[in-house]
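Visitor: I'd like to ask you about the structure that follows.
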Amino acid sequence: MAGKDADKGKKKEGKKEVVHGKKKEVKKETGLGLSYKKDENFGEWYSEVVVSGEMIEYYDISGCYILRPWAMSIWEILQTFFDAEIKKMKIKNSYFPLFVSPAVLQKEKDHIEGFAPEVAWVTKSGDSDLEVPIAIRPTSETVMYPYFSKWIRGHRDLPLRLNQWCNVVRWEFSNPTPFIRSREFLWQEGHTAFATKEEADEEVLDILELYRRIYEEFLAVPVSKGKKSELEKFAGGLYTTTVEAFIPNTGRGIQGATSHCLGQNFAKMFEINFENEKGEKAMVWQNSWAYTTRTIGVMIMTHGDDKGLVLPPKVATTQVVVIPVPYKDANTQGIYDACAATVKSLNESGIRAEADFRDNYSPGWKYSHWEMKGVPLRIEIGPKDLANNQVRAVRRDNGAKTDIPVANLVEQVKDVLDSIQQNLFETAKQKREACVQVVKTWDEFAEALGQKKLILAPWCDEEDVEKEVKTRTKGEMGAAKTLCSPFDQPDLPEGTLCFASGKPAKKWTYWGRSY
């Protein structure tokens, strides 16, 4: 752990240490180490790493966080990918207001009941009370759909496929956690209307596949695609599909992103009708789907270690940091020139690289600093490297060191970055798979839950049984619930019984505690 490497009692960055009455010119002590270990106190480790890694800063309103550039750039990379993909699907961006009138918000009863405890209200303007309080959007179904009703008249107006990139507010009171549970967060929300259920069903899965790609291809986090139970589905929707991640350290599932088929429920409430090709009046079929800045938190929890963040190369703002390592009599200018040339050739080949030329920090301090920030690859250039026309490359994921000839620099760095991306995913996948426990009985279930497992169990698919499982597992750690029924279903032999009720099982379902 970086903190243990630095001698105890040494001062933090930004404070000058006085030795024998003189100020040190170069800071050698790191002062950057984390106080908590990931395996020993995960919650404190996470709270510390998001700040020390310069992802967020705490704000003076509980549950709200400042997203610093290091985090925002990751969001932008994901946004660039997703936005281009939905545009290929002929989905268009729009923007709807932040505010919702109470009458509209309360139009869909199940929907508002699901969100009511989290809705924030504006009640004053200056010193005056508003005649009618105004809600701040927790999601935008009720904001958008009155206008879908206005814009959709005939079958030629369909499909209507809109997306917006925005913030939403959900006034969470339980355990706010940076990226994972916050009162305001960034997301995209897609809202679409179709003439047929088949078209809606197809889009639900197309979008879910994009969410899988965000997690697995960009963030190197393995997820399960599946369907939520009736109890856990989106309030007011027909069915909800999800990509579910799992955090082995805490034994908790985490909903990665959701793609909902809303059916015709909202169309009925908001009178979104159209004249079909036969001249008959029909109701539209609707979807809504979203992913949020939670993605970044899941990535940090999955890959981070006791030295700080570990960023997958595909989303790292800086993929390579180049650090000069001059010695006393070394050709310092030559080393600096080699660093600058290295950055230039990497940048020109499309690799995001930068050099750290700060002269008031020692190379060792810089190593710790960039390790904390999770930069995938560090390149060091010292006198020996300069003499041998090479660079020393050090991987963040496993610490492996290799010497790369300058002649093969770009090609080999690209290979190493690809290898890091793949290794992070494979390592996370192995850790996740080691946590999966197949159970058949209640006793096996209770034991696996106590061992923080991701539980795969045969289930009768009855809501009352799920409620009973929640009640029976309530405790300090929180109750267990269904996470999802995976699309990739293992074989269910005839006569298999539900682990909880003893009734005939209908499907395999993932269960566990969750965020």
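The values are calculated or read from the model by the stated rules, or taken from the named source; none is laboratory data. Computed from a predicted model, the values in this text were never measured in an experiment. Note: ideal-geometry Cβ built from the backbone for every residue, glycine included; neighbour counts use all protein chains shown. When the accessible area is computed, the model is the full protein with side chains, heavy atoms only, and any ligands, DNA or RNA have been set aside. Shrake-Rupley method; radii C 1.70, N 1.55, O 1.52, S 1.80 Å.
Visitor: Of a type in the set (Ser, Thr, Tyr) and assigned to a loop (DSSP other than H, G, I, E, B), is that true of THR318?
Guide: Judged against the criteria, THR318 is a match.
Visitor: If we scan segment 86-108, do we find a residue that is part of a helix (DSSP H, G or I), touching a residue at least 24 places away in the same chain (Cβ under 8 Å) and open to solvent by 50 Å² or more (accessible area, probe 1.4 Å)?
Guide: Scanning segment 86-108, I find no residue that is part of a helix (DSSP H, G or I), touching a residue at least 24 places away in the same chain (Cβ under 8 Å) and open to solvent by 50 Å² or more (accessible area, probe 1.4 Å), so the answer is no.
So that you can scan it fast, the table gives a plain yes or no per residue for (1) under 22 Å from the mean Cα position of the chain (by Cα); (2) at positive phi; (3) not in a helix (DSSP H, G or I):
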residue: VAL413; (1), (2), (3): no, no, no
residue: LYS440; (1), (2), (3): no, no, yes
residue: ALA448; (1), (2), (3): no, no, no
residue: MET477; (1), (2), (3): no, no, yes
residue: TYR510; (1), (2), (3): yes, no, yes
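Visitor: Within segment 25-40, can you find the residues that are at pLDDT 95 or above and out of contact with any Ser or Thr (no Cβ under 9 Å at 6 or more places or on another chain)?
Guide: SER35, LYS37, LYS38, ASP39, GLU40
Visitor: Give me a count of the residues in segment 281-307 that are in contact with a Lys or Arg (Cβ under 9 Å, 6 or more places away or on another chain), more than 10 Å from LEU219 (Cα to Cα) and open to solvent by 10 Å² or more (accessible area, probe 1.4 Å).
Guide: Of the residues in that region, 6 qualify.
Visitor: Go through segment 383-393 and report how many residues are touching a residue at least 24 places away in the same chain (Cβ under 8 Å) and surrounded by 19 or more Cβ atoms within 10 Å (Cβ to Cβ).
Guide: Qualifying residue count, segment 383-393: 3.
Visitor: So, one more: Filter segment 41-62 for residues that are open to solvent by less than 50 Å² (accessible area, probe 1.4 Å) and either in contact with a helix residue (DSSP H, G or I) (Cβ under 7 Å, 6 or more places away or on another chain) or modelled with pLDDT under 70 (or both) and give the result.
Guide: Once the filter is applied, which keeps residues that are open to solvent by less than 50 Å² (accessible area, probe 1.4 Å) and either in contact with a helix residue (DSSP H, G or I) (Cβ under 7 Å, 6 or more places away or on another chain) or modelled with pLDDT under 70 (or both), segment 41-62 yields TYR46, VAL49, VAL50, SER52, GLY53, MET55, ILE56.
Visitor: Any residue that is among the small types (Gly, Ala, Ser) and either surrounded by 19 or more Cβ atoms within 10 Å (Cβ to Cβ) or touching a helix residue (DSSP H, G or I) at 6+ places or on another chain (Cβ under 8 Å) (or both) - is there at least one of those in segment 448-461?
Guide: Within segment 448-461, one or more residues are among the small types (Gly, Ala, Ser) and either surrounded by 19 or more Cβ atoms within 10 Å (Cβ to Cβ) or touching a helix residue (DSSP H, G or I) at 6+ places or on another chain (Cβ under 8 Å) (or both).
Visitor: Restrict the check to segment 472-482 and report whether at least one residue is open to solvent by 60 Å² or more (accessible area, probe 1.4 Å), of a type in the set (A, V, I, L, M) and over 23 Å from THR240 (Cα atoms).
Guide: Taking every residue of segment 472-482 in turn, at least one turns out to be open to solvent by 60 Å² or more (accessible area, probe 1.4 Å), of a type in the set (A, V, I, L, M) and over 23 Å from THR240 (Cα atoms).
Visitor: Hey, another quick one. Going by what's in this entry, would VAL439 be described as open to solvent by less than 30 Å² (accessible area, probe 1.4 Å), without any contact (Cβ under 8 Å) to a residue 60 or more places away in the chain and more than 30 Å from VAL394 (Cα to Cα)?
Guide: no
Visitor: Considering only residues of segment 333-368 that are of a type in the set (Phe, Trp, Tyr) and surrounded by 15 or more Cβ atoms within 10 Å (Cβ to Cβ), which is nearest to PRO383 (Cα to Cα)?
Guide: It comes out as TYR336.
Visitor: Looking at this structure, is VAL413 β-branched (Val, Ile, Thr) and either modelled with pLDDT under 95 or over 30 Å from GLY478 (Cα atoms) (or both)?
Guide: Yes.
Visitor: I need a count of the residues in segment 251-272 that are assigned to a strand (DSSP E or B), open to solvent by 40 Å² or more (accessible area, probe 1.4 Å) and under 24 Å from ASP110 (Cα atoms).
Guide: 1
Visitor: Does PRO146 satisfy the condition of being touching a Phe, Trp or Tyr at 6+ places or on another chain (Cβ under 7 Å), surrounded by fewer than 18 Cβ atoms within 10 Å (Cβ to Cβ) and more than 19 Å from GLN164 (Cβ to Cβ)?
Guide: no
Visitor: Spot the failing condition for PHE425; the list is (1) crowded, with 16+ Cβ neighbours inside 10 Å; (2) under 18 Å from PRO248 (Cα atoms); (3) touching a strand residue (DSSP E or B) at 6+ places or on another chain (Cβ under 6 Å), and only one is missed.
Guide: Against the list (1) crowded, with 16+ Cβ neighbours inside 10 Å; (2) under 18 Å from PRO248 (Cα atoms); (3) touching a strand residue (DSSP E or B) at 6+ places or on another chain (Cβ under 6 Å), PHE425 comes up short only on (3).
Visitor: Additional query: Within segment 347-402, which strands (runs of 3 or more DSSP E) (wholly inside it) include 3 or more residues that are modelled with pLDDT of 95 or more and not charged (D, E, K, R)?
Guide: In segment 347-402, 377-381, 390-395 are the strands (runs of 3 or more DSSP E) which contain 3 or more residues that are modelled with pLDDT of 95 or more and not charged (D, E, K, R).
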